[in-house]
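Asker: I'd like to ask you about the structure that follows.
The values are calculated or read from the model by the stated rules, or taken from the named source; none is laboratory data. Please read all numbers here as calculations on a predicted model, not as lab measurements. All Cβ positions, even for glycine, are placed from backbone atoms using ideal geometry, and neighbour counts span all protein chains on display.
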Amino acid sequence: MVKAVDQADFECRPGEIFGLLGLNGAGKTTTLRLLSTTLKPTSGTASVAGYDIVREPEKVKSKIGFLTGNTALYPRLTADEVITFFAKLQGMTDGNIEERKREVFELLGIDSFRDTKIDKLSTGMKQKVSIARTIIHNPPVLVLDEPTVGLDVITSRAIIELIKSAKQQGKTVIFSTHRMEEAAKLCDRIAIIHNGKIAATGTLAELQKQTGLSDLEDIFVKLAGE
């Protein structure tokens with residue numbers, strides 16, 4: 001049996017952007033799925049927004065927005081219909097849904113294709129819909145698995161601005177990324193995960209001091225290769 005995540009221990013705080021870096025298969029996605037209660041741990045637990053992921057998974061789900069590349073969007077529905085559907089799943093009222101959609105659609109630039117069916121949208125447009133679905137209920141915790149992967153510069157920038165905005169609102173943001181420059185610019189703290197274990201955690205300055213290296217990519221290679 002392979003342990004995808006083995007005693008990974010870290011803390012993410014309100015008003016903080018926390019980056020999770022690792023090679024493919026290092027345990028990033030599994031860690032985020034555990035935090036989102038999509039997976040149940042074989043041992044151990046975690047607390048998200050004050051709720052235990054094992055004992056109180058439904059309460060955890062109500063407090064988080066979870067974005068993963070495996071989240072399906074219904075191809076025959078429009079962008080508006082998909083986001084409305086997920087808002088209703090979160091128990092939002094019609095009035096709150098419409099007000100929140102106005103905010104989110106403007107933030108992500110969705111108005112121009114809100115009435116277009118999902119199967120007619122570009123990759124970047126679909127990702128914007130996925131993010132809107134993730135944040136429509138205005139959760140205090142965002143768990144984002146590779147939110148900018150495969151996207152063009154303009155779409156990536158819009159998503160990065162959204163992450164910055166979430167921090168300014170006092171939300172807790174944890175996300176995984178392969179883009180070192182993205183992590184270096186955005187993250188207050190970074191955890192490097194290797195073989196399911198946390199190899200190091202700290203600010204960029206702390207990781208630089210620990211390794212004696214200045215570039216995050218060099219730091220990552222050193223710590224993930226040991």
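Asker: Please identify the pairs in which a residue from segment 196-211 that is within 22 Å of R13 (Cα to Cα) has its Cβ atom under 7 Å from the Cβ atom of a residue that is modelled with pLDDT of 90 or more and polar (S, T, N, Q), counting only partners at least 6 apart or on another chain.
Answerer: As it stands, the answer is A200/Q210; G202/Q210; Q208/S214, since those pairs meet every condition given.
Asker: Still on this structure: In segment 30-60, which residues are of a type outside the set (A, V, I, L, M, F, W, C), part of a helix (DSSP H, G or I) and in contact with a Leu (Cβ under 8 Å, 6 or more places away or on another chain)?
Answerer: Those that are of a type outside the set (A, V, I, L, M, F, W, C), part of a helix (DSSP H, G or I) and in contact with a Leu (Cβ under 8 Å, 6 or more places away or on another chain): T30, T31, R33.
Residue by residue, here is whether (1) within 19 Å of the chain's Cα centre (by Cα); (2) modelled with pLDDT of 90 or more; (3) of a type in the set (G, A, S); (4) under 14 Å from I174 (Cα atoms) holds:
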position	(1), (2), (3), (4)
V5	yes, no, no, no
N24	yes, no, no, no
F66	yes, yes, no, yes
G91	no, yes, yes, no
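Asker: Is one or more of the residues making up segment 61-77 in a helix (DSSP H, G or I) and of a type in the set (A, V, I, L, M)? Before the answer, list the steps.
Answerer: Of the residues in segment 61-77, the ones in a helix (DSSP H, G or I) are 61-63.
So of that shortlist, the ones also of a type in the set (A, V, I, L, M) come out as none.
Checking segment 61-77: not a single residue is in a helix (DSSP H, G or I) and of a type in the set (A, V, I, L, M).
Asker: A further question follows. Kindly indicate which of A166, A158 is within 16 Å of C12 (Cα to Cα) and out of contact with any Cys (no Cβ under 6 Å at 6 or more places or on another chain).
Answerer: Working: A158 fails: within 16 Å of C12 (Cα to Cα).
Unique residue meeting the criteria: A166.
Asker: OK, next. Suppose the filter is closer than 22 Å to K61 by Cβ and in contact (Cβ under 8 Å) with a residue 24 or more places away in the chain; does T134 pass it? Before you say what the answer is, go through the steps one by one.
Answerer: Details: closer than 22 Å to K61 by Cβ: yes; in contact (Cβ under 8 Å) with a residue 24 or more places away in the chain: yes.
Judged against the criteria, T134 is a match.
Asker: Among the residues of segment 40-87, count how many are buried (at least 17 other Cβ atoms within 10 Å of the Cβ), in contact with a strand residue (DSSP E or B) (Cβ under 8 Å, 6 or more places away or on another chain) and of a type in the set (V, I, T).
Answerer: So the answer is 6.
Asker: Being at negative phi, in a helix (DSSP H, G or I), in contact with a strand residue (DSSP E or B) (Cβ under 9 Å, 6 or more places away or on another chain) and surrounded by 13 or more Cβ atoms within 10 Å (Cβ to Cβ) is true for just one of I97, I131. Which residue is that?
Answerer: On the way: I97 fails: in contact with a strand residue (DSSP E or B) (Cβ under 9 Å, 6 or more places away or on another chain).
Matching residue, one of I97, I131: I131.
Asker: What residue, among those in segment 143-184 that are basic (K, R) and modelled with pLDDT under 90, is surrounded by the most Cβ atoms within 10 Å (Cβ to Cβ)? Break it down stepwise before answering.
Answerer: Pass one, segment 143-184, residues basic (K, R): 157, 164, 167, 171, 179.
Subset that is modelled with pLDDT under 90: 157, 179.
On the way: R157: 12, R179: 17.
Taking the candidates together, the pick is R179.
Let's see how each residue does on (1) touching a Gly at 6+ places or on another chain (Cβ under 9 Å); (2) closer than 21 Å to R133 by Cβ:
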{"site": "G27", "(1), (2)": "yes, no"}
{"site": "L39", "(1), (2)": "no, yes"}
{"site": "D52", "(1), (2)": "no, no"}
{"site": "R55", "(1), (2)": "no, no"}
{"site": "F66", "(1), (2)": "no, yes"}
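Asker: Next question, about the same structure. With the requirement that a residue be on the phi > 0 side of the Ramachandran plot and within 13 Å of the chain's Cα centre (by Cα), what does segment 137-178 give you? Please lay out each step first, then the result.
Answerer: Just the residues of segment 137-178 that are on the phi > 0 side of the Ramachandran plot, to begin with: 138, 146, 150, 170.
Scanning segment 137-178 gives a single hit, E146.
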